[in-house]
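Asks: This is the structure I have questions about; it appears just below.
The values are calculated or read from the model by the stated rules, or taken from the named source; none is laboratory data. A quick note: this is a predicted structure, and the numbers were derived from the prediction, not measured. Glycine also receives a Cβ, built like all others from the backbone with ideal geometry; neighbour counts cover every protein chain displayed.
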Amino acid sequence: MTGHVSRLVFTEERLTHAAVLALGQGIRAKFPGRVVVLDLRKTSETTTAALAGLILLRQRQVAGGGDLLLIGLSGKAQYLYEALRLAKILPRRPCISPRRVRQKQSGRDSRQLQKV
C-alpha cells in the first residue's frame with residue numbers, strides 16, 4: 001500500500017447499493033491506489049447489497065495497491081456489519097481525532113508524555 005490516505009464522508013442517512021456503485025466510480029477515479037477511509041457517521045441505515053458492494057469496492061482498491069476502511073458505523077449499518085461478521089473482510093477503524101493524529105505524527109503521544 002502507498003502511504004497516501006484520503007478521507008471521504010458519506011452524507012446520506014441511508015447507504016444503498018446504488019450509492020455504493022456511485023462511490024466506487026468516484027473512488028476509483030479520484031483515489032486509485034490510495035487508502036480511502038469512508039466516514040459513515042451520518043449513515044444509520046444500509047442494506048446487505050450495499051455492504052456487498054463495499055466488499056467488492058475494497059477488493060478493487062486492494063488490487064490497485066490501496067485499501068478501503070470504514071469509520072463511524074451506527075444504527076442498522078453497524079448491526080448488519082456485526083451480524084454478518086464483516087470485520088475480517090471489510091475492516092473498520094475507530095475514529096481518531098485530528099489532534100491525536102498530529103500527536104502520533106510528531107512522536108508526542110499523550111501516553112508517552114504522561115509517563116515522563
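Asks: Hey, can you tell me all the residues within segment 33-53 that are at pLDDT 90 or above and farther than 16 Å from THR11 by Cβ?
Replies: The answer is ARG34, VAL35, THR47, THR48, ALA49, LEU51, ALA52, GLY53.
Asks: Checking the condition touching a His at 6+ places or on another chain (Cβ under 9 Å), in a helix (DSSP H, G or I), of a type outside the set (A, V, I, L, M, F, W, C) and over 16 Å from ARG93 (Cβ atoms), which residue from GLY24, GLY53, GLY33 passes?
Replies: Exactly one of GLY24, GLY53, GLY33 is touching a His at 6+ places or on another chain (Cβ under 9 Å), in a helix (DSSP H, G or I), of a type outside the set (A, V, I, L, M, F, W, C) and over 16 Å from ARG93 (Cβ atoms), namely GLY53.
Asks: For segment 17-37, give me each residue that is under 10 Å from GLY66 (Cα atoms) and surrounded by 18 or more Cβ atoms within 10 Å (Cβ to Cβ).
Replies: PHE31, ARG34, VAL35, VAL36
Asks: Answer yes or no: is there a residue in segment 7-15 that is of a type outside the set (S, T, N, Q) and within 10 Å of GLY66 (Cβ to Cβ). Working first, answer last.
Replies: Of the residues in segment 7-15, the ones of a type outside the set (S, T, N, Q) are 7-10, 12-15.
Keeping just the survivors that are within 10 Å of GLY66 (Cβ to Cβ) gives none.
No, there is no match, as no residue in segment 7-15 is of a type outside the set (S, T, N, Q) and within 10 Å of GLY66 (Cβ to Cβ).
Asks: Inspect segment 88-103 for any residue being hydrophobic (A, V, I, L, M, F, W, C) and either at pLDDT 90 or above or on the phi > 0 side of the Ramachandran plot (or both) and give the result as yes or no. Show your work before the answer.
Replies: Here is the first cut: in segment 88-103, the residues hydrophobic (A, V, I, L, M, F, W, C) are 89-90, 95-96, 101.
From what's left, either at pLDDT 90 or above or on the phi > 0 side of the Ramachandran plot (or both): 89-90.
So far as segment 88-103 goes, yes, one or more of its residues are hydrophobic (A, V, I, L, M, F, W, C) and either at pLDDT 90 or above or on the phi > 0 side of the Ramachandran plot (or both).
Asks: Restricting to segment 56-78, what's the tally of residues that are in a helix (DSSP H, G or I) and among the hydrophobic types (A, V, I, L, M, F, W, C)? Give the derivation first.
Replies: Going through segment 56-78, the residues in a helix (DSSP H, G or I) turn out to be 56-63, 75-78.
Applying the additional criterion that residues be among the hydrophobic types (A, V, I, L, M, F, W, C) yields 56-57, 62-63, 77.
Result for segment 56-78: 5.
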